[in-house]
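Undergrad: Mind having a look at this structure? Questions to follow.
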Amino acid sequence: YHTVEETYEQAARLAEDYPDLVEWVDVGDSWEKTNDSTKGYDIFVLKLTQSNIQPTDGENKPKLFLSCAIHAREYTTAEFCLRFGMHLLDGYVSGNDADSTWILDHHEVHLMLITNPDGRKKAEEGTFWRKNTNNKNGCS
């Protein structure tokens, strides 16, 4: 499975490669970063939609939001979300997947690939870790 950094790099690359379809949006800071700006991570959402197509009724596009890798050792959920996004993009760009085209033309898909990057990084280091890295008040 990809590390936190590798996952973030791949997502950022998708935004560079498909600027009309992908945004890599900083939505906040991890627990460690909120306590020390030199530590921790930014938390990002991979936003997928065809930005050149807007609803004709003046409303916003419906949104699907997936929050992945909530627990530190949930390696598969981050990978699933990243690959789901890549599948939608591949189907759209190739023109071979009407479902992917319909989804991205008429919806926004928001993928928070790693909801708990601090805990995930601790688990990647080999620690049998499940939660975030807040060790105050017995929460760890």
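The values are calculated or read from the model by the stated rules, or taken from the named source; none is laboratory data. The model shown is predicted, which means the values in this text are computed figures rather than measured ones. Here Cβ is always computed from backbone atoms with ideal geometry, including for glycine, and neighbour counts include all displayed protein chains. Calculation scope for accessible area: heavy atoms of the full protein, side chains included, ligands and nucleic acids excluded. Shrake-Rupley method; radii C 1.70, N 1.55, O 1.52, S 1.80 Å.
Undergrad: If I ask for residues that are open to solvent by less than 30 Å² (accessible area, probe 1.4 Å), closer than 18 Å to residue 60 by Cα and free of Cβ contacts under 8 Å to residues at least 60 places away in the same chain, which ones from region 93-107 would you list?
TA: 105
Undergrad: Of all the residues that make up region 81-102, how many are closer than 16 Å to residue 51 by Cα and touching a helix residue (DSSP H, G or I) at 6+ places or on another chain (Cβ under 6 Å)?
TA: Within region 81-102, residues that are closer than 16 Å to residue 51 by Cα and touching a helix residue (DSSP H, G or I) at 6+ places or on another chain (Cβ under 6 Å) number 4.
Undergrad: Still on this structure, please answer the following. Name every residue in region 43-60 that is at pLDDT 95 or above and not polar (S, T, N, Q), in order of residue number.
TA: 43, 44, 45, 46, 47, 48
Undergrad: State which residue is least open to solvent (accessible area, probe 1.4 Å) when the search covers only region 38-92 and only residues that are under 15 Å from residue 119 (Cα atoms) and in a helix (DSSP H, G or I).
TA: Residue satisfying both the conditions and the ranking: 78.
Undergrad: Would you confirm, using the coordinates I've provided, whether residue 57 is among the acidic types (Asp, Glu) and within 18 Å of residue 85 (Cβ to Cβ)?
TA: no
Undergrad: Give region 108-120 a look and list any residue that's modelled with pLDDT of 95 or more and either surrounded by fewer than 16 Cβ atoms within 10 Å (Cβ to Cβ) or among the polar types (S, T, N, Q) (or both), or say none.
TA: Hits for region 108-120: nothing passes.
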